[in-house]
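Colleague: First the structure, then my questions, so here it is.
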Amino acid sequence: MPPTPHSAILEAIDLINKSTEFVRAVFSGVRKDTNPRFVRIDLRPILIKNNLKLQVETNDGKQSVAKNHNFEDFDLVSLFESGFANILVEHKNGSIILQYNQKDEIKVSRKQELKSPDLEHDRSKNRLLQADDPFLKAVGISDNSGSIKPSMRDKYRQVDDFLKILVPTLNAAIQAGQIPQPTNEKPLRIVDLGCGNAYLTFAVHQYLLSIGMPILVTGIDIKQQSRDRNTGIAQQLGLTQSITFQAESIADSELDAVDITIALHACDTATDDAIAWGVRNRSKLLLIAPCCHHHLQSQLKVAPEPWPIVLKHGLLAERQLDILTDAFRCQLLKLVGYRTEAVEFVSDEHTPRNLLIRAVRTNAQPDQLEIQRYREMRTIWNLNPFLEDLISEFL
Ligand SMILES: C[S@@+](CC[C@H](N)C(=O)[O-])C[C@H]1O[C@@H](n2cnc3c(N)ncnc32)[C@H](O)[C@@H]1O
């Protein structure tokens, strides 16, 4: 006989089945020794021809697919036991959160607050951030009617797609034990370096909070006006307990170590400052989308043979040096103990700066061949990557 589900699971299932009380449920994260098919599953009640149905939206990290079911036909017990580590169930009077820790023990917490379901059938597909979310209005991405402003569509897609990479990377790192399962006592700590208007900072905060993950988020920008604006928005949304902003340069920041360092289009060598900050502070994950690349562009006087056939064309020279800058960054991260990849995080129709450096701290020692390759590359090109000087003590 299969074991009886935990009493908190039965309580949560009961809340979902009270379809007129149910608001939404989110399943995310990965339980020890399991491998759920989806990164996240959302449940919510929707009204179709005056009948309440259960909408189940599965997201595999690439796309979301929504299907509608009769409440009584859907197998909730199997879903609860399919390997998700964080389960949030909201109802009209509050929420229940179930979280499995690294030892696969279940922790249950409850909150009381009034909530109301959104029963509309037609919600925008494949987005983690709903356009009418109040934070998107507060930061200026959506207008008062809850639609994305035409001028902010690209930023919205950048932020939403950045999240789509961050979330599965975070889940995988928690599952692999590289990041401990966040708890109320030890929340997940994230810093956004060069946060500007904090679109990404708030998005990460709101999304992770919405799936019941305890978090502390800090946004850092050299501009005092960014700090003032963003702090005002955090106050307006009542979020100052878990999101704060500092006005300082990345290189001089004395913020305590964090689990995840992110940066979206921090200018030129501020991207290197962000990577170096993450390395020095032993961040377990780095997700860095570089911006403009001027440093190596200005260093290269003569291209090595036979590369002049490429670099005599201004446009190709610029692209080649962008590639070299990011390749040096990835290799340096590898040499200091990170598993590193360069991935495309958003389609280039939303920004030409659509490369993301994703690095996970493994502490693996680099082999001699990789060190040799790095040295040869910089010798052949006679270039001195900015990042190398910043993290020389770790090389
Ligand atoms: C292109 S904006 C990107 C802002 C935001 N991440 C976004 O994607 O909307 C770059 C931001 O980095 C900040 N910045 C540049 N250099 C910095 C540094 N050395 N330390 C801290 N912030 C810096 C700028 O003030 C600016 O707000």
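Colleague: So which helices (runs of 4 or more DSSP H) stay within the range 243-337 end to end and still have 2 or more residues that are touching a strand residue (DSSP E or B) at 6+ places or on another chain (Cβ under 8 Å), within 29 Å of residue 160 (Cα to Cα) and not aromatic (Phe, Trp, Tyr)?
Modeller: On the way: elements: 270-280, 295-299, 308-311, 314-335.
In the range 243-337, the matching helices (runs of 4 or more DSSP H) lie at 270-280, 314-335.
Colleague: Further, regarding this structure: Residue 153: closer than 27 Å to residue 262 by Cβ and assigned to a helix (DSSP H, G or I), yes or no?
Modeller: On the way: closer than 27 Å to residue 262 by Cβ: yes; assigned to a helix (DSSP H, G or I): yes.
Considered against the rule, which asks whether it is closer than 27 Å to residue 262 by Cβ and assigned to a helix (DSSP H, G or I), residue 153 comes out as yes.
Colleague: Output the number of residues of the range 129-164 satisfying the condition of being away from the ligand (no atom under 16 Å from the Cβ) and touching a strand residue (DSSP E or B) at 6+ places or on another chain (Cβ under 7 Å).
Modeller: 2
Colleague: Regarding residue 138, is this residue touching a residue at least 24 places away in the same chain (Cβ under 8 Å) and either β-branched (Val, Ile, Thr) or more than 22 Å from residue 237 (Cα to Cα) (or both)?
Modeller: no
Colleague: Scan the range 236-251 and report the pairs whose first residue is within 14 Å of residue 193 (Cα to Cα) and whose second residue is assigned to a strand (DSSP E or B) and within 15 Å of the ligand (Cβ to nearest atom), with Cβ atoms within less than 6 Å and a gap of 6+ or a chain change.
Modeller: Here the result reads 243/217; 244/218; 245/219; 246/220; 250/193, each pair linking the range 236-251 to a residue that is assigned to a strand (DSSP E or B) and within 15 Å of the ligand (Cβ to nearest atom).
Colleague: Are any residues in the range 180-193 within 10 Å of the ligand (Cβ to nearest atom) and either aliphatic (A, V, I, L, M) or outside any strand (DSSP E or B) (or both), and if so, which ones?
Modeller: Residue satisfying the conditions is 193 alone.
Colleague: Which residue, of 104, 192, is under 15 Å from the mean Cα position of the chain (by Cα) and acidic (Asp, Glu)?
Modeller: 192
Colleague: Quickly run through the range 194-216 and pick out the residues that are near the ligand (Cβ under 10 Å from one of its atoms) and in a loop (DSSP other than H, G, I, E, B).
Modeller: Across the range 194-216, the qualifying residues are 194, 195, 196, 197, 198.
Colleague: Counting just the residues of the range 165-179 that are within 15 Å of the chain's Cα centre (by Cα), assigned to a helix (DSSP H, G or I) and away from the ligand (no atom under 16 Å from the Cβ), which one comes out surrounded by the most Cβ atoms within 10 Å (Cβ to Cβ)? Give the steps one after another, and end with the answer.
Modeller: Let us first name the residues in the range 165-179 that are within 15 Å of the chain's Cα centre (by Cα), namely 165-174, 179.
Those left that are additionally assigned to a helix (DSSP H, G or I): 165-174.
Those still in the list that are away from the ligand (no atom under 16 Å from the Cβ) too: 167-174.
Working: 167: 22, 168: 18, 169: 21, 170: 27, 171: 21, 172: 16, 173: 18, 174: 24.
This residue is 170.
Colleague: Count, please, the residues in the range 324-352 that happen to be modelled with pLDDT of 95 or more, surrounded by 16 or more Cβ atoms within 10 Å (Cβ to Cβ) and more than 17 Å from the chain's Cα centre (by Cα).
Modeller: 14
Colleague: Let me ask something additional. Tell me which residues, restricted to the range 95-120, are modelled with pLDDT under 90 and over 16 Å from residue 34 (Cα atoms).
Modeller: 111, 112, 113, 114, 115, 116, 117, 118, 119, 120
Colleague: Considering each of 391, 357, 371 in turn, give the residue that is over 20 Å from residue 265 (Cα atoms) and in contact (Cβ under 8 Å) with a residue 40 or more places away in the chain. Please lay out each step first, then the result.
Modeller: Details: 357 fails: over 20 Å from residue 265 (Cα atoms); 371 fails: in contact (Cβ under 8 Å) with a residue 40 or more places away in the chain.
After ruling out the rest, the residue left standing is 391.
Colleague: State whether one or more residues within the range 111-133 are part of a helix (DSSP H, G or I), surrounded by 13 or more Cβ atoms within 10 Å (Cβ to Cβ) and of a type outside the set (Lys, Arg).
Modeller: no
Colleague: Give just the number: which of (1) part of a strand (DSSP E or B); (2) modelled with pLDDT under 90; (3) more than 14 Å from residue 39 (Cα to Cα) does residue 65 not satisfy?
Modeller: Among (1) part of a strand (DSSP E or B); (2) modelled with pLDDT under 90; (3) more than 14 Å from residue 39 (Cα to Cα), the lone unmet condition for residue 65 is (3).
Colleague: In the range 2-11, is there at least one residue being surrounded by 15 or more Cβ atoms within 10 Å (Cβ to Cβ), under 22 Å from residue 167 (Cβ atoms) and touching a residue at least 40 places away in the same chain (Cβ under 8 Å)?
Modeller: Within the range 2-11, none of the residues are surrounded by 15 or more Cβ atoms within 10 Å (Cβ to Cβ), under 22 Å from residue 167 (Cβ atoms) and touching a residue at least 40 places away in the same chain (Cβ under 8 Å).
Colleague: Suppose we filter the range 1-46 for residues that are among the hydrophobic types (A, V, I, L, M, F, W, C), touching a helix residue (DSSP H, G or I) at 6+ places or on another chain (Cβ under 9 Å) and in a loop (DSSP other than H, G, I, E, B); how many remain?
Modeller: 2
For every residue, the table says whether it meets (1) acidic (Asp, Glu); (2) assigned to a helix (DSSP H, G or I).
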site: 348; (1), (2): yes, no
site: 351; (1), (2): no, no
site: 358; (1), (2): no, no
site: 365; (1), (2): no, no
site: 369; (1), (2): no, yes
site: 372; (1), (2): no, yes
site: 377; (1), (2): no, yes
site: 384; (1), (2): no, no
site: 388; (1), (2): yes, yes
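Colleague: Determine if the range 96-105 includes at least one residue that is surrounded by fewer than 17 Cβ atoms within 10 Å (Cβ to Cβ) and within 25 Å of residue 21 (Cβ to Cβ). Walk me through it before giving the result.
Modeller: If we filter the range 96-105 for residues that are surrounded by fewer than 17 Cβ atoms within 10 Å (Cβ to Cβ), which is where we start, we get 101-105.
Next cut, within 25 Å of residue 21 (Cβ to Cβ) only: none.
Among the residues of the range 96-105, not one is surrounded by fewer than 17 Cβ atoms within 10 Å (Cβ to Cβ) and within 25 Å of residue 21 (Cβ to Cβ), which makes the answer no.
Colleague: Given the residues 88, 79, which is the only one that is modelled with pLDDT of 90 or more and within 17 Å of residue 187 (Cβ to Cβ)?
Modeller: 88
Colleague: Please determine, by comparing only the residues of the range 217-271 that are basic (Lys, Arg) and more than 8 Å from the ligand (Cβ to nearest atom), which one is surrounded by the fewest Cβ atoms within 10 Å (Cβ to Cβ).
Modeller: Among residues in the range 217-271 that are basic (Lys, Arg) and more than 8 Å from the ligand (Cβ to nearest atom), the one surrounded by the fewest Cβ atoms within 10 Å (Cβ to Cβ) is 229.
Colleague: Also, I was wondering about something else. Are any of the residues in the range 187-204 over 19 Å from residue 61 (Cα atoms), surrounded by fewer than 18 Cβ atoms within 10 Å (Cβ to Cβ) and without any contact (Cβ under 8 Å) to a residue 40 or more places away in the chain?
Modeller: Among the residues of the range 187-204, not one is over 19 Å from residue 61 (Cα atoms), surrounded by fewer than 18 Cβ atoms within 10 Å (Cβ to Cβ) and without any contact (Cβ under 8 Å) to a residue 40 or more places away in the chain, which makes the answer no.
The values are calculated or read from the model by the stated rules, or taken from the named source; none is laboratory data. Since the model is a prediction, treat every value here as computed from it, not as a measurement. We place every Cβ from the backbone using ideal geometry, glycine too, and count neighbours over all the protein chains shown.
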